[in-house]
Amino acid sequence: MALSSSGPAREGWSSRTAFLLAAIGSAVGLGNLWRFPAEAGTNGGGAFVLFYIGCVVLIGLPILLSETLIGRHGQAAAPESFRRVAEQSQASPKWEWVAAFGVLSAFLILGFYCVVGGWVLYYIGLFASDIVQSGLGGGAFAGVSTESIEALFPALIGDGQLTVALGIAFLAITLFFVIRGVSGGIEIAATWLMPAFFVLLVGITVYGAFGGAFSETLAYLFTFEPEKLTGEVMLAAVGQAFFSLSLGVAGMVTYGAYVGRNVNLAGTSAIIAAADTSVALLAGLCIFPIVFAAGLAAGAGPGLMFVTLPHAFQDMPVGALIGFAFFIMVGFAALTSSVALMEVPTAWLMDNFRLTRMSASLSVAVGAGVLCVFSALSTGSLVDWHPLEAIPLFAGQGFFDVLDTFTAKLTMPIGALLTSIFIGWIAERRLVDSENGISGWLHQFYLLLVRWLCPLALAGILLLGIFPGWFE
Ligand code: PHE
C-alpha cells in the first residue's frame, strides 16, 4: 500500500489486477459503445477509424503512460502529483494547473455523460418491461413495427422531465460508488463486470456477423480514403481517442496514484489501450451491420447505438433477454467510467480543501446535477438554445453538444499536449526513466513520441481542426 509523503496513508488497490481492471473500467464506457460508432459514422468511416487507431498507438499510449507515471510518482490527487513531480525537477509548481484544468474537464464531461447514462437506464427498463409483458421466449418487441422502434429514441430525448430524472438517477448511482471509496466500490464493480461485458459483446458481434451486412461494414470501417481525412476529422479522431482512453483530464493521474511500485506502468498502459480499442472496434462491428442491413443512416449521430441495437434484439432468439443483459452491461461500463469522472474532482476537493470523501463527492454530484439538467433539456425544450453560437466550432450546438465538443475537441487535447510537454521537456529525466518501466530502444521511442510527436501533432491537429479555413 502506498503512502503519501505528507498526510495519512492513501487508499490503495488490492492488487495489480484490480488496478488494471479499474483503469480499463474507466476507459471502457460510453465512449467506446455510444460515442465511437457515432463519431465514426458522422466522420465518414474508414479514414476516421484508421487515423483513430494511429492516434491511440502513437499519441494516446505515450500520454497514458505519462499520466500514470506522474500519478504514481506523486502519490496524490492529480494537481498535487503534478506539483510534486515539478518541484522535484526544479520546475515551477504552476504546472499543477494542467491537472486543475483536467479536473475541470472531468467535471464538465460528467455533466453530459450522466445524461447518456440515463438513456441507458431507460433502455434497461424498456427491455425489462418487454420481458415482463411477453415472457423470456421470443425476440424483443414482438409485433412492434420497425418505425415504432426507431421512434423510441427521439421520443425519449424529447421528453425533458424523463431525461432529467434518468440523468440524475444515474448520477446518484455513481455517487453511491464514489462515496464507498476506491477499493470498496469501484473495484468490485470493475472486477466482475468488465470481463462479463466483454464476453457478451463478442457474442452479439459474432451473432450479427452471420446475419447482417458484415462485409459492407468491414469495407466501411477499414477502407482508407485519404481525401476524407480533413482537419476536422483528424481533430474528431484525436478527441475520441482521448475521450475513450480517459486522457487529458488527469483521470489516469488520479488512478496512477493508487498503483504500487511493483507494477510495470508501460505494460499496463499497453493492456489498457488494447482493451479499450478492441471494445470500440467491436462496438463498430456490432452496430454497423445493423445500420447497413436496415438501411439506416451511418451519420445519424448520438442516437446511432440506441436506434440500431433494438433492431438486432428484435430478430434474435431470446432477444428480449439478451437486449436486457446487454444494456445492463452497457450501464455498468458507463458506471465504472462515470465513477472515474466523479473521482477526479472529488479527489481534488479532498486533497486541496481537506474535505471528507462524503462532502467532496456530494459537492461534485450537485454541480454535475446542474449541468445534467441543462444537457438533458438541450435535446428537448432547450433545443434552440445555442450558447456559443458565435464561435464556429460550436455553431448550431445545444448545451449537451457544447460540453461534448468543448471537452473532446479542446480541453482534453490541450491537457494532453501540456502533459506531453511536461513529461518530455520539464520533468527530470531520471525520474521519468525510473518510473516508466521500459528500457532500450522502446524507451528512446517513448521519449521521441512524448517530446516531439505528441506535442507537434497535437498542436497541428488542434489548429487544423479549429481553424479549417486557414489551411485551404
Ligand atoms: N473513457 C470513458 C469512456 O469511454 C470516459 C471518460 C473520460 C472517463 C475521461 C474518465 C475520464 O466512456
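Name the single residue that is farthest from the chain's Cα centre (by Cα) among those in region 159-181 being polar (S, T, N, Q) and crowded, with 17+ Cβ neighbours inside 10 Å. Walk me through it before giving the result.
So in region 159-181, the residues polar (S, T, N, Q) come out as 161, 163, 174.
Right, trim to crowded, with 17+ Cβ neighbours inside 10 Å and you get 163, 174.
Details: 163: 21, 174: 15 Å.
Once the filter is applied, the top-ranked residue is 163.
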### Query
Here are some residues: 134, 81. Which one is crowded, with 24+ Cβ neighbours inside 10 Å and touching a residue at least 24 places away in the same chain (Cβ under 8 Å)?
81
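Quick one: would you say residue 376 is more than 16 Å from the ligand (Cβ to nearest atom), under 24 Å from residue 154 (Cα atoms) and assigned to a helix (DSSP H, G or I)?
yes
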### Query
Pairs under 6 Å by beta carbon, first residue charged (D, E, K, R) and part of a helix (DSSP H, G or I) in region 16-38, partner more than 8 Å from the ligand (Cβ to nearest atom) and at pLDDT below 90, six or more apart or different chains?
16/263
#### Entry: Qualifying residue in region 381-398 (condition: in a helix (DSSP H, G or I) and within 16 Å of residue 101 (Cα to Cα))
no
#### Entry: Filter pass, residue 235 being at negative phi, modelled with pLDDT of 90 or more and surrounded by fewer than 24 Cβ atoms within 10 Å (Cβ to Cβ)
no
### Query
With respect to the numbered conditions (1) part of a helix (DSSP H, G or I); (2) closer than 21 Å to residue 433 by Cβ; (3) more than 17 Å from the chain's Cα centre (by Cα), which one is the sole condition not fulfilled by residue 90?
(1)
### Message
Conditions first: (1) among the acidic types (Asp, Glu); (2) within 15 Å of the ligand (Cβ to nearest atom); (3) over 30 Å from residue 169 (Cα atoms). Residue 39 passes all but one, so which condition is the exception?
### Response
(3)
### Query
If you check every pair at least six apart or on different chains, which have Cβ atoms under 8 Å apart with a residue in region 243-258 that is farther than 20 Å from residue 16 by Cα and at pLDDT 90 or above first and a residue that is within 6 Å of the ligand (Cβ to nearest atom) and in a helix (DSSP H, G or I) second?
243/31; 243/109; 244/27; 244/31; 244/32; 249/106; 249/109; 249/341
### Message
Please go through region 320-373 and give me each residue that is acidic (Asp, Glu) and within 15 Å of the ligand (Cβ to nearest atom), ordered by number.
### Response
343
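Return the only residue of 186, 173, 204 being within 16 Å of the ligand (Cβ to nearest atom), over 30 Å from residue 442 (Cβ atoms) and at pLDDT below 90.
Working: 173 fails: at pLDDT below 90; 204 fails: within 16 Å of the ligand (Cβ to nearest atom).
It is 186.
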### Task
Give region 349-370 a look and list any residue that's farther than 20 Å from residue 112 by Cβ and touching a Ser or Thr at 6+ places or on another chain (Cβ under 8 Å), or say none.
349, 350, 355, 357, 360
### Summary
Contact list, first residue from region 106-118 and within 17 Å of residue 252 (Cβ to Cβ), second anywhere and more than 10 Å from the ligand (Cβ to nearest atom) and assigned to a helix (DSSP H, G or I), beta-carbon distance below 7 Å, six or more apart or interchain, is 106/345; 107/345; 107/364; 107/367; 107/368; 110/368
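Name the one entry in 303, 295 that is away from the ligand (no atom under 16 Å from the Cβ) and not in a helix (DSSP H, G or I).
On the way: 303 fails: not in a helix (DSSP H, G or I).
Matching residue, one of 303, 295: 295.
Considering only residues of region 63-97 that are more than 15 Å from residue 243 (Cβ to Cβ) and within 15 Å of the ligand (Cβ to nearest atom), which is modelled with the lowest pLDDT? Let's see the steps before the verdict.
To start, the set of residues in region 63-97 that are more than 15 Å from residue 243 (Cβ to Cβ) comprises 65-66, 68-97.
The next check asks that each one be within 15 Å of the ligand (Cβ to nearest atom); those that pass are 68, 71, 77-78.
Numbers: 68: 93, 71: 92, 77: 81, 78: 89.
The residue in question is 77.
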### Summary
The condition of being among the β-branched types (Val, Ile, Thr) and free of Cβ contacts under 8 Å to residues at least 24 places away in the same chain holds, among 364, 383, 344, only for 383
### Task
Identify all residues within region 214-254 that are within 16 Å of the ligand (Cβ to nearest atom), of a type in the set (A, V, I, L, M) and part of a helix (DSSP H, G or I); write none if there are none.
236, 237, 238, 241, 245, 252, 253
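Condition check: farther than 20 Å from residue 333 by Cα, among the aromatic types (Phe, Trp, Tyr) and part of a loop (DSSP other than H, G, I, E, B). Does residue 258 satisfy that? Write out each step before concluding.
On the way: farther than 20 Å from residue 333 by Cα: yes; among the aromatic types (Phe, Trp, Tyr): yes; part of a loop (DSSP other than H, G, I, E, B): yes.
For residue 258, the condition - farther than 20 Å from residue 333 by Cα, among the aromatic types (Phe, Trp, Tyr) and part of a loop (DSSP other than H, G, I, E, B) - is met.
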### Task
Name the single residue, out of those in region 42-57 being assigned to a loop (DSSP other than H, G, I, E, B) and within 19 Å of residue 405 (Cα to Cα), that is farthest from the ligand (Cβ to nearest atom).
44
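With respect to residue 263, is the statement that it is more than 14 Å from the ligand (Cβ to nearest atom) and outside any helix (DSSP H, G or I) true? Spell out the reasoning first.
On the way: more than 14 Å from the ligand (Cβ to nearest atom): yes; outside any helix (DSSP H, G or I): yes.
Yes; evaluated as a whole, the condition is true for this residue.
The values are calculated or read from the model by the stated rules, or taken from the named source; none is laboratory data. Please read all numbers here as calculations on a predicted model, not as lab measurements. A quick note on method: Cβ atoms are made from the backbone with ideal geometry, for glycine too, and the neighbour counts reach across all protein chains shown.
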